[in-house]
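Notes for the one structure printed next.
The values are calculated or read from the model by the stated rules, or taken from the named source; none is laboratory data. Because the structure is a prediction, the values reported are computed rather than measured. Cβ coordinates were reconstructed from backbone atoms using ideal geometry, including for glycine residues, and neighbour counts include every protein chain displayed. The area values use the complete protein model at the heavy-atom level, side chains included, leaving out ligands, DNA and RNA. Shrake-Rupley method; radii C 1.70, N 1.55, O 1.52, S 1.80 Å.
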Amino acid sequence: MASVEWKIRGEYMKNCNCIATCPCDTVGFPYPEKGCHGMRGMHIVEGHFRNIRLDGLNWAVIFTWPGALHEGNGTIEPIVDVRASEEQRSALLTILSGQAGNKWFEILASVVTTVHEPRFLPIQWEFNYAKRRARMAIPGVLETESVPLLVPADGSEQHVIVRMPDGMEYKEFEVAQTKVLTGSGAIKLHYTGRHSGLANVEHTQNGIVAS
């Protein structure tokens, strides 16, 4: 399956329970909690799986790990855009499960032990990379909103960019904070004022494409 040619390019959000900039991306361990809990999601601007077009679709994965990701035993709940056809649903779930190549998706799959039944639901998506603002809402399952970090001294908006030249998930992201991060489906979450990373990414069967 890894030889299948595919691409998903678009807007990407990862919101979690860590402090801003997410130490999982740097030292490899979450903070302030021991475990890693949150979501990642994407609006596909342009994409395909073989000859199946994926343009305009959204997806999300809600996740929880009892410790750091590399320690394993993760649980995920995948959500795919209700507008997706049966072919598109199968294509996206194949990509997300790491069965179609790409080291990042393969690694994630290797540290997950429980996968809740995929759900196909309406996914609301708003994204403004330059202003560090985004929102994803899935009725009855997830609500999360990203807003800029603030400078404590004067309340002005903080602007922080993290670059990861060797990153597998993204090469660069704008750091924001969660105004809300609530999971009410199979995985329960409730955080405010925690990490949000916003990025523009392009993934293929061979890995992430440098922008």
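For the stretch 8-54, name all the residues that are closer than 22 Å to residue 133 by Cα and part of a loop (DSSP other than H, G, I, E, B). Within the stretch 8-54, 17, 18, 19, 20, 21, 22 qualify. I'd like to check something: does the stretch 145-163 contain any residue that is of a type in the set (Gly, Ala, Ser) and surrounded by 17 or more Cβ atoms within 10 Å (Cβ to Cβ)? Yes; the residues of the stretch 145-163 include at least one that is of a type in the set (Gly, Ala, Ser) and surrounded by 17 or more Cβ atoms within 10 Å (Cβ to Cβ). The sole residue among 103, 179 that is open to solvent by 50 Å² or more (accessible area, probe 1.4 Å) and closer than 18 Å to residue 19 by Cα is 179.
Restricting attention to the stretch 1-25, the residues that are open to solvent by 40 Å² or more (accessible area, probe 1.4 Å) and more than 17 Å from the chain's Cα centre (by Cα) add up to 4. Examine the stretch 115-125 for a residue that is modelled with pLDDT of 95 or more, in a loop (DSSP other than H, G, I, E, B), acidic (Asp, Glu) and within 29 Å of residue 71 (Cα to Cα), and state whether such a residue exists. Yes - at least one qualifying residue is present in the stretch 115-125.
Within the stretch 186-204, if we keep just the residues that are open to solvent by less than 10 Å² (accessible area, probe 1.4 Å) and among the small types (Gly, Ala, Ser), the residue that is nearest to residue 11 (Cα to Cα) turns out to be 199.
For the stretch 1-57, the set of residues classified as farther than 19 Å from residue 144 by Cβ and touching a residue at least 60 places away in the same chain (Cβ under 8 Å) consists of 1, 2, 3, 4, 5, 6, 7, 8, 9, listed by residue number. Between 109, 68, 60, 130, the distinction of being under 17 Å from the mean Cα position of the chain (by Cα), among the small types (Gly, Ala, Ser) and open to solvent by 20 Å² or more (accessible area, probe 1.4 Å) belongs to 109 only. Taking the conditions (1) farther than 16 Å from residue 62 by Cβ; (2) free of Cβ contacts under 8 Å to residues at least 60 places away in the same chain; (3) of a type in the set (A, V, I, L, M, F, W, C) in turn, residue 109 satisfies each one other than (1).
Taking the residues in the stretch 80-97 that are closer than 14 Å to residue 203 by Cβ and without any contact (Cβ under 8 Å) to a residue 40 or more places away in the chain as candidates, determine which candidate is surrounded by the fewest Cβ atoms within 10 Å (Cβ to Cβ). Looking at the filtered set, the residue picked out is 97.
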